[in-house]
Structure formats: structure tokens, C-alpha cells
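Enquirer: Mind having a look at this structure? Questions to follow.
The values are calculated or read from the model by the stated rules, or taken from the named source; none is laboratory data. Computed from a predicted structure; not experimentally measured. Because the Cβ atoms are built from the backbone with ideal geometry, glycine has one as well, and the counts that use them run over all protein chains shown. Ligands, DNA and RNA are stripped out before the accessible areas are found, and what is left, the full protein with its side chains, is counted by its heavy atoms. Shrake-Rupley method; radii C 1.70, N 1.55, O 1.52, S 1.80 Å.
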Amino acid sequence: MEREQGATLTHIVVLPYPLQGHINPMLKFSKRLATKGLKVTLLTPKSIVESMKGQATSVTFEPIDDDDDSGELIAAETMEAYDERFKAIFSHGLGGLIEKNKSYGYATKLVVYDCILPWAVDIAKQHGIGAAPFLTQSCTIAAIYYNLYQERFTLPLQEPEVLLPSLPLLRMDDMPSFISQPASYPFILRVCLEMFHNFHEVNWAFCNSFDKLEEEVVSWISSQWPIKNIGPTIPSMYLDKRWKDDKNYDLSLFKPSVDACMKWLDSKDTGTVVYVSFGSMAALGEEQMEELALGLKRSNRYFLWVVRESETKKLPTKFIEETTERSLVVTWCPQLEVLSHKAVGCFMTHCGWNSTLEALSLGVPMVVMPQWSDQATNSKCVMDVWKVGIRVKVDNKGMVTREEIELCINEVMGEKRKEMKRNALKWKKLATEALDEGGSSDKNIEEFVAKIVQI
Ligand code: UDP
């Protein structure tokens with residue numbers, strides 16, 4: 001009772017970076033905190049709050065005017081300019097919200113911020129409260145960047161392979177792209193390193209992963225800073241099933257073709273469909289898109305392919321008509337429902353962290369074709385550490401050929417399927433246990449709540 005009273009008076013403010021893959025996990029975490037009795041407010045651009053209208057949620061949204069007449073999120077020419085504007089608008093919004101809550105008698109106890117927004121720590125400090133980063137990528141990725149931050153290796157990489165504490169031997173092409181190609185996005189690399197500047201000041205660093213998935217690396221990071229895995233942040237009804245109304249992500253920045261996908265999958269036999277998606281951002285070159293299309297066609301399997309609106313023009317002419325008997329191409333789908341459908345035999349993915357965790361947690365083997373950022377490292381783990389997928393090979397022109405795509409799909413759907421499915425189901429079980437009552441992620445959340453209510 002005492003804890004409940006303390007909890008309802010305990011207010012947390014959550015600040016995600018406004019991208020689908022960042023908001024979803026932070027919103028799910030917020031909902032888990034709300035189920036434990038905390039009051040949680042999520043600070044997001046007005047345009048995003050508007051897209052969520054009608055979604056029942058236990059979390060309060062604080063819309064921030066994104067200052068753009070078109071209603072679009074803060075437009076800016078470059079990433080740096082966008083970041084500057086975002087910081088200016090949101091640091092003001094964050095400070096305002098903390099003050100507003102105080103005047104309503106809901107004193108904010110902590111700001112949970114997306115780790116790529118480290119300035120939130122300063123704003124929290126100015127208002128006399130603490131802050132905790134939320135890492136939207138894996139612990140492995142955090143450990144790689146942290147080792148670079150601590151100068152255990154330097155760039156450009158001097159050796160073809162790097163061995164770091166608690167990590168598998170990493171080749172150049174297993175590294176995050178901002179490290180293997182440091183000149184590609186120097187600004188993002190800087191952001192990935194600068195986030196550690198104030199880690200020594202925080203009491204918690206939440207990560208969307210679970211302990212058993214990255215056991216050794218979690219243990220190593222714990223000796224450096226206070227990591228708390230609280231994932232996978234997948235709706236409860238897919239895993240622990242403790243919260244009956246938690247069935248989806250509440251937020252979709254694209255409109256999914258739900259009925260078309262589910263009806264089509266319902267008409268297929270168990271394990272016969274290849275589900276293909278490269279997430280919300282990846283944009284393949286035209287030639288690569290053609291190789292992928294023709295690889296899918298050559299595999300002679302059923303495939304459900306998400307080709308975002310902006311990418312459809314890259315499809316080979318007449319591709320849809322020519323493959324219509326075997327395929328369904330949509331601009332967005334309900335990915336969790338698709339991955340958990342019995343007809344899906346494998347997932348061909350860019351290996352974004354959310355997609356990777358979803359496939360692992362829903363027991364689906366993968367063909368992985370990483371594009372940038374953390375995806376190459378996730379692919380390395382999928383293939384060599386978790387053993388639930390195959391990574392396509394890139395030829396000497398930087399292309400993944402149609403033959404390679406056909407080969408990998410047929411391996412994962414064919415001779416390797418049984419073993420990979422068995423491994424994937426093991427991860428599904430461990431993910432469920434982590435979230436269930438008394439599991440490692442649940443315990444981390446419980447312990448956090450017990451401490452924060454007493455501050
Ligand atoms: N997703 C979806 N429908 C689709 C494709 C993707 O709902 O048709 C969701 C997917 O479930 C995941 C997110 O979009 O939660 C993609 O995140 P990820 O980190 O995998 O990739 P990103 O979009 O950040 O590159």
C-alpha cells in the first residue's frame with residue numbers, strides 16, 4: 001500500500017528521439033512503468049501525438065509544437081541543423097514540463113532520455129532532478145562505442161579484426177557502419193560517442209535488450225556503468241501476456257495494410273512464406289532493389305514484401321504482375337502480427353535492432369542483409385552468436401546478387417531451417433522469461449520503481 005501511494009505520486013518524464021524505432025521501445029517501457037503505478041509523461045512532437053489519436057494508453061503525452069506550418073516535424077537541411085533545432089525546442093519543452101508538473105503537485109523525479117540526447121541531463125540538473133539514458137540499440141553496440149570512446153581502439157581501424165572485452169572477434173564489416181566507414185556520417189559517430197560524456201553521473205542506463213541474450217557483454221558493461229536491461233520492449237500479449245490490453249506498439253508512422261496481409265497469410269501453409277522488410281528508413285539503390293526482386297522471384301517461394309511508398313518506383317517493371325501468384329507487396333504491414341503468423345517461415349531483414357529483437361522474440365529465423373548503422377553488428381550476432389540466421393554475402397561491386405539472395409533464402413527455408421527454428425524458439429522462451437514476473441527485465445524494472453518512489 002505504501003509503495004502504491006508512493007508510486008502514484010512518482011512522476012517520470014520520458015524523452016525519445018522522434019523516430020519510429022526510438023519512440024516504440026521507449027513508449028513500451030513507459031507503459032510497463034505505468035503498470036507498476038508510476039505516472040509517466042512522454043514528450044514528443046505534436047505531429048506524432050496527433051497520429052496517435054484514439055489509442056488508449058496509460059501514458060500521458062505532452063505535445064511539443066514542432067514549429068513548422070506544414071505540420072511536418074521540424075524540417076532542416078542537415079542532420080546537424082535538425083539536431084540544433086530539436087535541442088532548442090525540446091530543451092525548452094522539457095524544462096517547461098518539469099515546471100508545469102511541479103505547479104500541479106506532480107514533481108518530476110527523473111527524466112528518462114534517449115541516449116542520443118545527452119543534453120537532457122543538463123536540463124534535468126538545472127531543475128534539481130536526475131536523468132537516466134535509454135539505449136535503443138543492443139548492449140553489444142553500446143560496448144563497441146564505449147570501447148572506442150575509451151580509446152581501446154582508434155579510427156580508421158588499423159587491423160582487419162578487433163578483439164574487445166566480452167565481444168566476439170569483430171571484422172571490419174561486422175562493425176557499425178559509422179566505425180567501419182568513419183567518413184560516412186562523422187556527425188552521427190560523434191553523437192554515438194558523446195552520449196557517454198555524462199554516463200558517470202547517472203544511476204541507471206536502461207537498454208532494450210535482455211540479460212540472457214547478451215550475457216557476457218552485460219556483465220562487462222555492468223563493471224563500467226549501471227546498465228539495466230528492460231527488454232525486449234515488445235507488447236506484452238506477444239510474450240509474457242500479463243497486460244491484456246498491450247497488443248501493439250500504439251504508434252505507427254505509416255499506415256499498415258492489416259486485412260490484406262492477414263488474409264493472404266491465412267491462405268498459406270505453415271512455414272511457407274518469406275517475409276521481407278527493410279524497416280522505416282533503409283533505401284536500397286535501384287540496381288540492388290532489382291537484384292532483391294529477382295532473387296525473391298527465383299527462390300520460387302511465397303513472399304510478403306514491404307516496399308515503402310517512396311521505394312515502389314524502384315521495383316522492376318511488371319514485377320508485381322509477374323509474381324502476383326506467389327507474392328503480396330504492401331507499403332507497410334503490422335510486423336508483429338506478420339512475424340507471429342504460422343505461415344511465415346523466415347524473415348529477410350535489414351537487421352534493425354527492433355526487427356531483430358522481434359524476430360528473436362517471436363521465434364523466426366532470418367536472412368539478414370544489413371544496410372548501415374548497427375545492422376552489420378546485429379547481423380554478426382544473428383548468424384554467429386545467436387545462430388538464428390544467415391547473412392548474405394556482398395560481391396566485389398558492393399552488390400548482393402539475385403543468386404546469393406535465392407541461395408540464402410533457400411538455405412534458411414530448407415536444410416538449415418530446423419536447427420535455426422529450434423534456436424529461435426529458445427530465444428523466444430528466454431525473452432518471455434525475462435519479461436515475466438521475476439524475470440531479469442521485470443526485476444530490473446521492479447527494483448528501479450522501488451528506488452525511484454523513495455527519492
Ligand atoms: N515495422 C512495421 N511494419 C513494417 C515494417 C516495420 O510495423 O511494415 C516496424 C517493426 O515492427 C519495427 C520497426 O518498424 O518495430 C522498425 O524498426 P527497426 O529498428 O527494425 O528498423 P528502422 O526502421 O529503425 O530502420
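Enquirer: Go through (1) touching a strand residue (DSSP E or B) at 6+ places or on another chain (Cβ under 8 Å); (2) open to solvent by 20 Å² or more (accessible area, probe 1.4 Å) one by one and return the number of the condition D395 breaks.
Expert: Going through the list (1) touching a strand residue (DSSP E or B) at 6+ places or on another chain (Cβ under 8 Å); (2) open to solvent by 20 Å² or more (accessible area, probe 1.4 Å), D395 breaks only (1).
Enquirer: Count, please, the residues in region 255-280 that happen to be more than 16 Å from the chain's Cα centre (by Cα) and either outside any strand (DSSP E or B) or farther than 15 Å from G345 by Cα (or both).
Expert: Summing the residues that are more than 16 Å from the chain's Cα centre (by Cα) and either outside any strand (DSSP E or B) or farther than 15 Å from G345 by Cα (or both) in region 255-280 gives 18.
Enquirer: Here's something else I'd like to know. Pick out the one residue from E291, E287 that is open to solvent by 60 Å² or more (accessible area, probe 1.4 Å), more than 12 Å from the ligand (Cβ to nearest atom) and not in a loop (DSSP other than H, G, I, E, B).
Expert: After applying the criteria, what remains is E287.
Enquirer: Then there is this: Between residues in region 225-248 that are on the phi > 0 side of the Ramachandran plot and residues that are part of a loop (DSSP other than H, G, I, E, B), which pairs lie under 7 Å by C-beta distance while being six or more apart or on different chains?
Expert: none
Enquirer: Taking the condition of being in a loop (DSSP other than H, G, I, E, B) and either in contact with a Lys or Arg (Cβ under 9 Å, 6 or more places away or on another chain) or open to solvent by less than 10 Å² (accessible area, probe 1.4 Å) (or both), how many residues in region 185-201 meet it?
Expert: Result for region 185-201: 0.
Enquirer: Residue under question is M413, and the condition is that it be closer than 17 Å to V273 by Cα and modelled with pLDDT of 95 or more; does it hold?
Expert: Against the criterion (closer than 17 Å to V273 by Cα and modelled with pLDDT of 95 or more), M413 qualifies.
Enquirer: Scan region 370-380 for residues that are open to solvent by less than 10 Å² (accessible area, probe 1.4 Å) and over 20 Å from Y185 (Cα atoms) and jot them down.
Expert: Within region 370-380, just S379 meets the criteria.
Enquirer: So which of K247, K241, K228 is open to solvent by 30 Å² or more (accessible area, probe 1.4 Å), of a type outside the set (S, T, N, Q) and in a strand (DSSP E or B)?
Expert: After ruling out the rest, the residue left standing is K228.
Enquirer: Does N208 qualify as being in contact (Cβ under 8 Å) with a residue 12 or more places away in the chain and open to solvent by less than 80 Å² (accessible area, probe 1.4 Å)?
Expert: Judged against the criteria, N208 is a match.
Enquirer: Continuing with this model, one more query. Output the residues belonging to region 299-329 that are surrounded by fewer than 16 Cβ atoms within 10 Å (Cβ to Cβ) and part of a helix (DSSP H, G or I).
Expert: E309, S310, T312, K313, E321, E322, listed by residue number.
For (1) within 15 Å of the ligand (Cβ to nearest atom); (2) at pLDDT below 95, each residue gets a yes or a no:
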| site | (1), (2) |
| --- | --- |
| C261 | yes, no |
| D266 | no, no |
| S277 | yes, no |
| M281 | yes, yes |
| S299 | no, no |
| F303 | yes, no |
| K313 | no, no |
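Enquirer: For region 330-352, give me the residue count where each residue is within 11 Å of the ligand (Cβ to nearest atom) and not in a loop (DSSP other than H, G, I, E, B).
Expert: So the count comes out to 8.
Enquirer: OK, next. Name the one entry in S379, S355, S361, S373 that is touching a helix residue (DSSP H, G or I) at 6+ places or on another chain (Cβ under 9 Å), within 16 Å of the ligand (Cβ to nearest atom) and assigned to a loop (DSSP other than H, G, I, E, B).
Expert: Criteria check complete, one pass: S373.
Enquirer: While we're on this one: Based on what the data block shows, is V364 farther than 23 Å from E291 by Cα and under 17 Å from the mean Cα position of the chain (by Cα)?
Expert: Here the answer is yes, as V364 does meet what is asked.
Enquirer: Return the pair list, or none, for Cβ contacts closer than 7 Å from residues in region 332-344 that are over 16 Å from A424 (Cα atoms) to residues that are within 8 Å of the ligand (Cβ to nearest atom) and open to solvent by less than 20 Å² (accessible area, probe 1.4 Å), at least 6 apart or on different chains.
Expert: Filtered contacts from region 332-344: W332/V306; C333/V306; Q335/S277; Q335/E358.
Enquirer: Could we say that V217 is open to solvent by less than 10 Å² (accessible area, probe 1.4 Å) and modelled with pLDDT of 95 or more here?
Expert: In short, yes.
Enquirer: So the check is Cβ under 7 Å with 6+ separation or different chains; which pairs have a first residue in region 164-184 that's assigned to a loop (DSSP other than H, G, I, E, B) and open to solvent by less than 20 Å² (accessible area, probe 1.4 Å) and a second one that's of a type in the set (G, A, S) and modelled with pLDDT of 95 or more?
Expert: Pairs that qualify, where the first residue is assigned to a loop (DSSP other than H, G, I, E, B) and open to solvent by less than 20 Å² (accessible area, probe 1.4 Å) and the partner is of a type in the set (G, A, S) and modelled with pLDDT of 95 or more, are L164/A143; L167/A143; M175/A376; P176/S373; P176/A376.
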